[in-house]
Amino acid sequence: MLAFSRLPSVLALCLACTAVPAIAEEPRYNQVSLRSEVSQEVTHDRMHVTLYTEAQNTNPTRLASEITQTLNAAVTQARQAKGVTTSMGNRRSYPVYDDKGQKIRAWRERAELRLESDDFAALSQLTGELLNTLSMGNMTFSISPELRKQHEDNLLKEAVMSFGERAKLTSEALGGKGYKLVNLNLNSSGFQQPMLYRSAAKVTMMEAADAAPQVEAGTSRITVNADGMIEVLMP
């Protein structure tokens, strides 16, 4: 009897819960998705050069010592150039097998030196000097974070203004008396096309001197997108 006496109260509680009306979301009408995009070509202000030294020897210890001496001398010379950032790149060694691919007949090692600067003339001059002992890996250009932020901030303002103009135009086209902003997302992107100088086994000092004045940094396009939704207010 005790078990059955509790049943009516449980049913009453369930009925009370189902009787509570659900809070309905406010309906939204006349919503339109819009997109605005602005972009600008920005000249690269950073220059990156990768040089390397590579050698082969039957003695891996002697090979490592030879590579280290060549690289250390280049680093010492590079550090004397003002405004040039010097860092070590990849360094690896691997065995060289015979024609049958079974026996190691020598070892080969390669080490990189990376240089970066906003002074193109100074870095070009240094690169030409270092090519006397090193080989050219590649030369690329980029936009510094400071310059990118400066242009992105300006483009962001333009993107928001452009979005507002499109929203106003859309509202007028639909016969509205105005609009209400529902949401707005801002995104930036930029494609940087690497500009390779050359990739060769060895470049002579004369070739480097002739090529140095012809360095062209190129540009990258920075783009800011404004994606959002508006609600057109009808009269």
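Some observations on this one:
- Set of lysines near Lys180 by C-alpha distance (under 30 Å), chain-local residues within fewer than 8 positions excluded: Lys149, Lys157, Lys168
- Whole-Hz Karplus values for the range 217-230 come out as 6, x, 9, 10, 9, 9, 10, 10, 10, 10, 10, x, 9, 10 Hz, taken residue by residue from phi with 6.51 cos²θ - 1.76 cosθ + 1.60 and θ = phi - 60°; glycine and proline positions read x.
- Take the Cα radius of gyration of the range 47-141 and divide it by 2.2 N^0.38 Å, N being the number of residues; the result is 1.23.
- A simple rule links phi to the HN-Hα coupling: the Karplus curve 6.51 cos²θ - 1.76 cosθ + 1.60 with θ = phi - 60°, which for the range 81-91 gives 7, 6, x, 10, 8, 10, 8, 7, x, 6, 9 Hz, with x for Gly and Pro.
- Amide H contacts of Val182: Met229, Ile230, Glu231, each under 5 Å away and 5 or more positions distant or on a separate chain (H built 1.01 Å from N in the peptide plane; Pro and chain starts excluded).
- In loop segments of the range 76-164 as defined by DSSP, there are no chymotrypsin sites (Phe, Trp or Tyr not before Pro) with at most 14 further C-beta atoms inside 10 Å of their C-beta.
- Charge sum, other residues only, whose C-beta stays under 10 Å from Val32's C-beta, Lys/Arg counted +1 and Asp/Glu -1: 0
- Alpha carbon convex hull of the range 47-87, volume per residue in cubic angstrom: 60 Å³
Taken together, the values in this text are just the output of simple stated rules run on the coordinates, not laboratory data. Keep in mind that this is a model prediction, so the values were computed, not measured. Cβ atoms come from the backbone with ideal geometry, glycine included; neighbour counts cover every protein chain shown.
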